[in-house]
Structures are given as C-alpha cells and as structure tokens.
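Asks: Shown below is the structure under consideration.
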Amino acid sequence: MAYSVDTTIQYRGYNTFKMIAPARVKSWMYGVEGLDSISHGLYVYCPTNQASAVRAKTRWLNSDGITQSVVDHSFAIEAGLFNWIKIQAIPVPIGAVQALTEIINFSGATFWVGLIKTEAGNTTTDFTENKAGQLTKITASGIYTGTIQAAQVVVANDRLPERLTTINSSIISISDGLAGLRTDVQAGRITLSDDTKGKIAGMTVDTTSLTFSGTGSYFRITSDGVSDFIRAGASSSSLSFRVDKNGKLYATGAVIDGDVTARIVTNSNKAGYAVVGYGPQGGSGIEYVNGSDSTKRFMWSFTTDFGVAFYLHHKPRIGIYPSGDIMLFDDVGPRLQIFSNDGTYLNDSTGVSRLFVSATNGDTLLQNKVNSHAIGVDNTGPYYIKSRIKTYF
C-alpha cells in the first residue's frame with residue numbers, strides 16, 4: 001500500500017502521512033481492558049472537498065491477540081484546511097483486551113493525516129506533547145522520570161541480604177532477612193508471613209486475631225483457642241454478641257424469621273424460666289423451672305412410655321397413653337388407673353386396688369387391703385365377699 005511520511009506538508013511542525021490509495025496506516029496495539037469507551041482524534045488535509053466515507057477503523061483484539069471485531073468510522077474532508085476529526089465515545093465490546101487504530105484510503109483521492117491520538121473516555125481532546133514531562137533528571141538524591149521499564153527493580157540499604165524490596169514482572173516482594181518477615185504482593189493476592197502484625201484500613205491484624213474498632217463499634221475474630229471466637233458490641237468491654245471457644249452463642253436479643261433448631265432453649269437468668277426441648281427424664285416438651293430452686297419444676301412432655309405426660313420435680317404425675325388410658329401417680333406409683341378397654345382402678349399406697357369398676361362385665365368392687373373381704377355389685381346383683389367367699393344379698 002502507498003503511504004509515506006511527508007515532510008513537505010506539516011501541521012504544527014509535525015510531519016504527516018500522505019495517503020495515496022490504496023493505503024493503510026495503523027497504530028501499535030494498546031490496552032482497552034476495563035474501559036467503557038475510547039475516542040480518536042486526528043487532523044486531515046485534502047486539496048479538494050471529499051464526501052463522507054470510511055477513512056478510519058477501530059480493530060478490537062481478544063486476549064489471544066486475534067481480531068474480535070472491527071468498527072468503521074466515516075468522515076468528510078473540507079478542502080484546503082486541516083480538519084480536526086473527532087470520533088468519540090466508541091463503546092469497548094465485551095471480551096476486547098487490546099485495540100488498533102487504523103487510517104485507510106482504499107480508492108479515494110489522496111489526503112494527508114497527522115497528529116493521530118486515541119484516548120480513554122467519551123471526549124476527544126486536542127493533540128499536545130508535554131516535552132517537560134518526558135525529561136529524566138538524575139541527581140545525587142535520586143532519578144526523576146516517567147515510566148520505568150525493567151525486568152527487575154531491587155531496593156536495598158547497605159546490607160542487601162537483610163532487607164530488600166524486589167519488583168519484577170509479576171510480584172512485589174518485601175522481606176526482612178533478620179526477622180524472617182516477608183510480604184508478597186501479586187495481582188489478586190497478598191501473602192504475609194505467619195507472624196504478621198499491623199493495621200489495614202482500621203483493622204488490627206496479628207497471628208491469631210483480626211480486630212475492627214471504631215467510635216461506638218467493636219468486632220473481633222480470634223483463633224487462639226483460649227479467647228472467644230467472635231466478640232462484637234459498642235466496645236471491647238460493652239458486648240452485645242459473642243461466641244465463646246466452645247461454640248456457645250451469647251447475645252442481648254435476636255430476631256429470627258426462619259426456623260430455629262436446638263436441643264434445648266432456655267434462659268437461666270430469670271426468676272423462673274422455660275426449657276423447650278429434650279428434658280433429663282426423656283421425651284420432648286416444655287418445662288418450667290423455678291430460677292431460685294432448680295429442683296422445683298414441672299413439665300408437659302411427649303415420651304415413649306406415656307405418650308403425653310405431666311411431670312412435677314422430674315417425677316410423673318399424669319400419664320395419657322396413645323391407647324386412651326389415663327393414670328394419676330404419686331411418689332409410690334399409680335393411684336388412679338383408667339383403662340379404655342378394661343376398667344377403672346383406685347389403688348392404695350401399697351399398689352392394691354381398693355376400688356374397681358369393670359368395663360366388660362359390669363362389676364363394681366370395693367375391697368379391703370388383703371383382698372379377703374369386699375362388697376360389690378355385678379349383673380346378677382349386689383353381693384359381699386367374706387374370707388374370699390362370694391355371697392349375694
């Protein structure tokens with residue numbers, strides 16, 4: 001393609017490219033990853049008016065350096081003037097990592113182009129050159145310059161092996177050979193030595209804990225196996241939430257929208273409190289405990305023995321069986337037994353039934369302690385039993 005650097009037609013003292021069709025001038029690759037848009041600026045001259053046509057392109061490249069897409073840019077040229085062409089707010093497509101700016105003239109009249117500039121953003125700014133900013137100054141105290149490109153930069157004092165900072169293409173390494181400390185900074189990663197201590201944006205870090213502390217707020221995470229795992233509150237001495245080393249949680253209150261699963265729910269700091277869960281006597285239920293004397297308590301519980309049971313001081317007092325049977329207990333045993341398919345028994349303290357009402361044959365019996373004498377009634381009539389001999393009245 002026919003293009004050349006023309007020293008005869010200049011603008012602002014700069015040479016131009018003479019674009020004799022077919023011709024293409026392209027920039028070196030530049031990075032666009034992370035940008036939303038870019039803008040181009042260039043100055044174009046032609047002796048004759050030229051209608052709008054594609055005279056510039058933006059070529060988008062992916063991470064492999066392969067062309068992903070190309071955007072055409074059209075503009076007209078006014079004769080006899082250096083036209084400032086502004087191509088603004090070109091969206092950077094997803095996946096584009098680099099780009100090229102191309103100026104083309106495939107079949108049109110010859111034109112000259114110069115001061116080509118591409119920049120990030122939605123607005124094209126005029127071409128300028130900051131020569132002062134490109135100077136490097138070297139003095140006894142340092143080097144003052146712009147960009148430094150090097151395979152590795154080493155910063156050290158008089159004793160290089162003991163303390164140094166190394167900067168290379170992928171990592172910044174800061175180490176202290178005497179103390180055995182090292183900090184590595186890489187893209188997306190910071191690696192610290194095991195006994196690192198210090199502060200990061202108000203956070204205090206040491207080998208076993210991370211502490212956030214500010215006015216009216218305090219939060220600490222600890223892994224030393226001795227202190228609380230988590231502590232939070234207005235200050236280190238005014239906590240509203242903590243988890244101790246055994247995993248127990250303490251809080252001043254809780255609002256829970258979902259389910260709560262626990263073996264026991266209790267509050268032993270009150271004069272009287274309730275325990276919800278699995279009690280020591282077995283089964284599951286709700287138990288009330290006297291806060292000043294924990295031996296005084298009562299509980300309604302679901303158990304494998306009774307079905308539903310009422311306990312007083314850990315002793316059963318009422319049992320309601322799945323079959324429908326009901327029992328009342330004292331400290332010795334059942335005193336009243338109501339069986340759904342047998343009858344009703346009223347027992348004395350020795351376990352002897354003194355009153356029996358049958359559910360099957362109509363017997364009603366009142367007897368003495370040793371079952372030798374009784375009086376009752378059945379379907380035949382009233383009777384009495386003396387010395388275990390039954391006689392009808």
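Asks: Just checking: which of the strands (runs of 3 or more DSSP E) contained wholly in the range 316-393 hold 3 or more residues that are of a type outside the set (Lys, Arg), more than 30 Å from Arg297 (Cα to Cα) and over 60 Å from the mean Cα position of the chain (by Cα)?
Replies: Values: elements: 326-329, 334-338, 343-347, 353-358, 364-367, 374-377, 382-386, 389-392.
So the answer is 353-358, 364-367, 374-377, 382-386, 389-392.
Asks: Which residues, counting only those in the range 79-93, are at pLDDT 95 or above and over 13 Å from Leu42 (Cα atoms)?
Replies: Ala89, Ile90, Pro91, Val92, Pro93
Asks: Taking the range 237-256 on its own, how many of its residues are closer than 19 Å to Asp206 by Cβ and surrounded by fewer than 12 Cβ atoms within 10 Å (Cβ to Cβ)?
Replies: Residues that pass the stated criteria total 0.
Asks: On the given criteria, is Lys386 of a type in the set (Lys, Arg) and in contact with a strand residue (DSSP E or B) (Cβ under 8 Å, 6 or more places away or on another chain)? Walk me through how you get there before you give the answer.
Replies: Details: of a type in the set (Lys, Arg): yes; in contact with a strand residue (DSSP E or B) (Cβ under 8 Å, 6 or more places away or on another chain): no.
The answer is no for Lys386.
Asks: In addition: Only one of Val54, Val44 is aliphatic (A, V, I, L, M), assigned to a strand (DSSP E or B) and touching a His at 6+ places or on another chain (Cβ under 8 Å); which? Let's see the steps before the verdict.
Replies: Numbers: Val44 fails: touching a His at 6+ places or on another chain (Cβ under 8 Å).
None of the other options fit; the residue is Val54.
Asks: Hey, another quick one. Given Ile318, Ile389, which one is surrounded by fewer than 16 Cβ atoms within 10 Å (Cβ to Cβ) and β-branched (Val, Ile, Thr)?
Replies: On the way: Ile318 fails: surrounded by fewer than 16 Cβ atoms within 10 Å (Cβ to Cβ).
From the options Ile318, Ile389, the qualifying one is Ile389.
Asks: Could you grab me the full set of residues in the range 58-67 that are of a type outside the set (A, V, I, L, M, F, W, C) and either crowded, with 17+ Cβ neighbours inside 10 Å or not in a strand (DSSP E or B) (or both)? Show your work before the answer.
Replies: Restricting attention to the range 58-67, the residues satisfying the condition of being of a type outside the set (A, V, I, L, M, F, W, C) are 58-59, 62-65, 67.
Thr58, Arg59, Asn62, Ser63, Asp64, Gly65 - these are the residues of the range 58-67 that are of a type outside the set (A, V, I, L, M, F, W, C) and either crowded, with 17+ Cβ neighbours inside 10 Å or not in a strand (DSSP E or B) (or both).
Asks: Let me ask you something else. If you go through the range 334-347, how many residues are surrounded by 13 or more Cβ atoms within 10 Å (Cβ to Cβ) and over 17 Å from Gly376 (Cβ atoms)? Spell out the reasoning first.
Replies: From the range 334-347, those surrounded by 13 or more Cβ atoms within 10 Å (Cβ to Cβ) are 334-339, 342-347; that's our starting set.
This time we only want the ones that are over 17 Å from Gly376 (Cβ atoms), so: 334-339.
So the answer is 6.
The values are calculated or read from the model by the stated rules, or taken from the named source; none is laboratory data. Because the structure is predicted, anything quoted here is derived from the model rather than measured. Note: ideal-geometry Cβ built from the backbone for every residue, glycine included; neighbour counts use all protein chains shown.
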